[in-house]
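Quick notes on the structure that follows.
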């Protein structure tokens with residue numbers, strides 16, 4: 001089982017969902033580890049993925065490209081005056097992928113976050129070529145953001161394996177209760193599961 005995890009925006013819970021997937025798959029007998037090719041600012045997301053994978057990878061394998069500036073990679077590269085080393089990402093990914101039956105790769109921010117002026121998260125996902133899982137913050141606006149993201153993934157000829165709703169709002173709102181049913185009606189890809197109070201039901205196919 002191999003997936004690229006993206007989000008409809010930043011701070012929608014990609015790392016939380018990715019770690020849940022890694023732990024669930026390892027419990028099911030897979031040798032799953034996680035990778036976050038690019039971090040900007042703190043490296044806590046990569047550290048969470050490393051821990052979920054049992055510490056079997058070094059932090060530099062999990063996260064080969066680290067900018068200290070907390071912004072989009074393109075912005076961070078300008079602030080730090082160094083270009084993102086895409087070959088380093090490609091080499092680490094190829095080596096980890098070759099030695100594992102199962103790998104979860106987490107993107108940074110949303111689908112069209114710029115890594116270079118002419119290279120985006122979407123381009124990285126296309127190069128990697130794994131089925132894409134979309135993490136959605138279950139709140140007002142989620143339907144629009146989800147439809148746009150799924151459409152953009154499919155426009156690149158990539159397989160969207162499905163959508164995961166993440167309940168991040170502390171206060172309940174009407175959209176939170178209805179988003180899943182609306183998305184199930186409108187999407188041609190499945191709503192795989194909904195994260196709620198730590199309860200997760202996996203419905204992922206093998207890739």
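The values are calculated or read from the model by the stated rules, or taken from the named source; none is laboratory data. This one's a predicted model, so the numbers in the text were calculated from it and none came from an experiment. No Cβ is skipped: glycine too gets one built from the backbone with ideal geometry, and neighbour counts run over all protein chains shown.
Details
- Screening residue 99 on (1) more than 15 Å from the chain's Cα centre (by Cα); (2) surrounded by 13 or more Cβ atoms within 10 Å (Cβ to Cβ) shows it passes everything except condition (2).
- Set 115, 96, 104, 108: member being assigned to a helix (DSSP H, G or I) and modelled with pLDDT of 95 or more: 96
- Only one of 29, 54, 34 that is farther than 15 Å from residue 84 by Cβ and in contact with a strand residue (DSSP E or B) (Cβ under 6 Å, 6 or more places away or on another chain): 34
- Checking residue 85 against (1) at pLDDT 95 or above; (2) closer than 22 Å to residue 130 by Cβ; (3) surrounded by fewer than 21 Cβ atoms within 10 Å (Cβ to Cβ); (4) under 18 Å from the mean Cα position of the chain (by Cα), the condition it does not meet: (4)
- Selection count, region 1-21, where residues are touching a helix residue (DSSP H, G or I) at 6+ places or on another chain (Cβ under 6 Å) and part of a loop (DSSP other than H, G, I, E, B): 2
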